[in-house]
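Colleague: Submitted below is the structure of interest, expressed as structure tokens.
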Amino acid sequence: MKARQLKSKRHRGYILSEAGRHKLQFQLSQLEAQKGYKFTLPVLARQTQLADPQGLHSTTIKKIVEQQTGVDERSLKTLFQSLAMELEPQDYCSATQPDNLVKLAGLSHEPSAIDCKQKQPPDFPGGPVPLDSPYYIEQPVLQARARAEISQSGGLIRVKAARKMGKSSFTLRLLDHATSLGYRILQIDLKRADEAVFSGIDRFLRWLCTILSYQLDLSPALDDYWDTEVGSKVSSTVYLQQVLLKKTRVPIVLLFNEINRVFEYSEISREFLPLLRSWYEEAKSDTPLHKLRFILSYSTEVYVPLNLNQSPFNVGLPIDLPLLTIEDVQVLAQAYGLSRDVAPPLMEWVGGHPYLIQLALYHLWSGQSTLEDLLQKASTPVGIYASHLNHCLVKLQDEAELAEAFQQVVQAETGVGLELAIAHKLESLGLIQFDDSCHAQPLCKLYQQFFAAHNPQMIE
């Protein structure tokens, strides 16, 4: 009788904290990717027998996962150990003291702002942030201007930002708005074009017209409209007017993604960019081209010698995406279920760089790292930024003039005055920012420390 009474007093009031839940979710996703099958409740029940011969029943595991009903500490340990994890104090708390959960995990307890958003786990940072994601900071003023521009005949929007600064996420939302207006979206991703496509303007324009035809579900009929007597620029314009635009009754958005690739080919730049400008001007008038709208997405400054009246880069609406503010980072931290207090140290290290902020928050959310450990290793080869930093290093190694100028910036105690072209190229790489005197400084502490220790001019 006494044994039964003692057994009934076994404490079954523990649930996973948000940190513990994130840790569990991340480990399950990793294991599922490795094993190639889903870890369903029955599979997990069998898995727990590896840590404890008695194992756990599917019902108990369901309670743990759903965080609705308390279980005993042994059950939590068994589940974690069976998945090669250690149950730590911040991973769980008493089910009767939700405030303790928040304190132990270092989380912000604001159900209306966070708990609903946590139902949608974040994707690993790197690609465009999905629509309606709670992990995206809206740019209401810029978005409103871009939507107004895209709704006009011949509207042209130039989205310029360094790599990983949010061009794709911003453009994704603009395209979603255009789709809601009934527009057709045609995307020209110049990163996918073979090198041979840039061998001459005729080859390039035939490739462009073919790509557009396929996206409109048309069989390319270029030979019926290509006339060597008038040239490829006139032929492509006629094909655009009489074939591509004639087959659709709704406006068409032409998205040129990474259009800066044409800057690398002088003939293509010299011939195509003025042609694009002429399409823009004609689309503003009552002609067949009035259905067109344009989005130009690029990451580098334009150093192509073009007449101002022939360049598409001094017309339309320019969009320069800003760095995140500390308030933005606090909002994101809450969306990840983290304390707002993580914002200041992250801002000190990565200066509001969207991708670098998101990457840090993701690792904190997943339980892979603590803030202290993450920042301590930030600029090292084993830190979460190692791949990104190595990419930047390679870019500088490819251009000795940029590497030399950036080293001056890194080594200086105050801002450095640079030649305009060099300064803009470094800014386009996302490596520097300008102070009030228009002098260059490293964008953030992370770059300062890494490149002070890794001079691209000294590395073979």
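Colleague: Search the stretch 225-252 for residues being in a loop (DSSP other than H, G, I, E, B) and of a type in the set (S, T, N, Q), and hand back the single one that is nearest to the chain's Cα centre (by Cα).
Modeller: 248
Colleague: Of the residues that sit in the stretch 304-346 and are of a type in the set (A, V, I, L, M, F, W, C) and over 26 Å from residue 383 (Cβ atoms), which one is surrounded by the most Cβ atoms within 10 Å (Cβ to Cβ)?
Modeller: 319
Colleague: Of the numbered conditions (1) assigned to a helix (DSSP H, G or I); (2) touching a helix residue (DSSP H, G or I) at 6+ places or on another chain (Cβ under 6 Å), residue 25 fails exactly one; give the number of that condition.
Modeller: The single condition residue 25 does not satisfy is (2).
Colleague: Follow-up. Take the residues of the stretch 81-94 that are open to solvent by 40 Å² or more (accessible area, probe 1.4 Å) and either part of a helix (DSSP H, G or I) or farther than 26 Å from residue 46 by Cα (or both): which is modelled with the lowest pLDDT?
Modeller: 90
Colleague: Across the stretch 434-460, what is the number of residues that are modelled with pLDDT of 85 or more and surrounded by 13 or more Cβ atoms within 10 Å (Cβ to Cβ)?
Modeller: Residues that pass the stated criteria total 16.
Colleague: While we're here: Among all residue pairs at least 6 apart or on different chains, which show Cβ distances below 9 Å where the first residue, located in the stretch 211-224, is in a helix (DSSP H, G or I) and loosely packed, with under 12 Cβ neighbours inside 10 Å and the second is at pLDDT 95 or above and not β-branched (Val, Ile, Thr)?
Modeller: Going by the 9 Å Cβ cut-off, the qualifying pairs are 224/239.
Colleague: On the basis of being open to solvent by 20 Å² or more (accessible area, probe 1.4 Å) and touching a strand residue (DSSP E or B) at 6+ places or on another chain (Cβ under 6 Å), does residue 189 make the cut?
Modeller: Considered against the rule, which asks whether it is open to solvent by 20 Å² or more (accessible area, probe 1.4 Å) and touching a strand residue (DSSP E or B) at 6+ places or on another chain (Cβ under 6 Å), residue 189 comes out as yes.
Colleague: So, of the residues in the stretch 146-169 that are within 19 Å of the chain's Cα centre (by Cα) and assigned to a loop (DSSP other than H, G, I, E, B), which turns out to be surrounded by the most Cβ atoms within 10 Å (Cβ to Cβ)?
Modeller: 166
Colleague: Within the set of pairs 6+ apart or on separate chains, which have a first residue in the stretch 33-56 that is within 13 Å of residue 75 (Cβ to Cβ), a second that is at pLDDT 85 or above and open to solvent by 70 Å² or more (accessible area, probe 1.4 Å), and C-beta atoms under 7 Å apart?
Modeller: That search, which allows pairs on different chains as well, returns 45/57; 51/81; 55/49.
Colleague: Let me ask something else about it. Select from the stretch 259-301 the residues that are outside any helix (DSSP H, G or I), of a type outside the set (Ser, Thr, Tyr) and buried (at least 20 other Cβ atoms within 10 Å of the Cβ) and list them in ascending order.
Modeller: Correct list: 292, 293, 294, 295, 296.
Colleague: Got a sec? Which helices (runs of 4 or more DSSP H) wholly within the stretch 347-433 have at least 1 residues that are open to solvent by 30 Å² or more (accessible area, probe 1.4 Å) and touching a Leu at 6+ places or on another chain (Cβ under 9 Å)? Show your work before the answer.
Modeller: On the way: elements: 354-366, 371-376, 386-397, 400-411, 420-428.
Fully inside the stretch 347-433 and qualifying: 371-376, 386-397, 400-411, 420-428.
Colleague: Of the residues in the stretch 240-258, how many are farther than 27 Å from residue 174 by Cα and either surrounded by 20 or more Cβ atoms within 10 Å (Cβ to Cβ) or basic (Lys, Arg) (or both)?
Modeller: Qualifying residue count for the region: 0.
Here's the yes/no breakdown for (1) over 37 Å from the mean Cα position of the chain (by Cα); (2) of a type in the set (S, T, N, Q); (3) closer than 14 Å to residue 14 by Cα:
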residue: 30; (1), (2), (3): no, yes, no
residue: 41; (1), (2), (3): no, no, no
residue: 51; (1), (2), (3): yes, no, no
residue: 59; (1), (2), (3): yes, yes, no
residue: 64; (1), (2), (3): no, no, yes
residue: 67; (1), (2), (3): no, yes, yes
residue: 72; (1), (2), (3): yes, no, yes
residue: 77; (1), (2), (3): no, no, yes
residue: 91; (1), (2), (3): no, no, yes
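Colleague: Next up: For the stretch 170-200, which positions are free of Cβ contacts under 8 Å to residues at least 12 places away in the same chain and over 20 Å from the mean Cα position of the chain (by Cα)?
Modeller: Those that are free of Cβ contacts under 8 Å to residues at least 12 places away in the same chain and over 20 Å from the mean Cα position of the chain (by Cα): 179, 180, 194, 195, 196, 197, 199.
Colleague: Taking the stretch 304-345 on its own, how many of its residues are within 20 Å of residue 268 (Cα to Cα), in contact with a strand residue (DSSP E or B) (Cβ under 7 Å, 6 or more places away or on another chain) and not aromatic (Phe, Trp, Tyr)? It would help to see each step written out before you state the result.
Modeller: Taking the stretch 304-345 first, the residues within 20 Å of residue 268 (Cα to Cα) are 304-315.
With in contact with a strand residue (DSSP E or B) (Cβ under 7 Å, 6 or more places away or on another chain) added as a condition, the list becomes 312-313, 315.
Keeping just the survivors that are not aromatic (Phe, Trp, Tyr) gives 312, 315.
Residues that pass the stated criteria total 2.
The values are calculated or read from the model by the stated rules, or taken from the named source; none is laboratory data. Quick caveat, the model's predicted, so the values are computed rather than measured. Reconstructed Cβ throughout: ideal geometry from the backbone, glycine too, with neighbour counts over all protein chains shown. Keep in mind that these areas ignore ligands, DNA and RNA; they rest on the heavy atoms of the full protein, side chains included. Shrake-Rupley method; radii C 1.70, N 1.55, O 1.52, S 1.80 Å.
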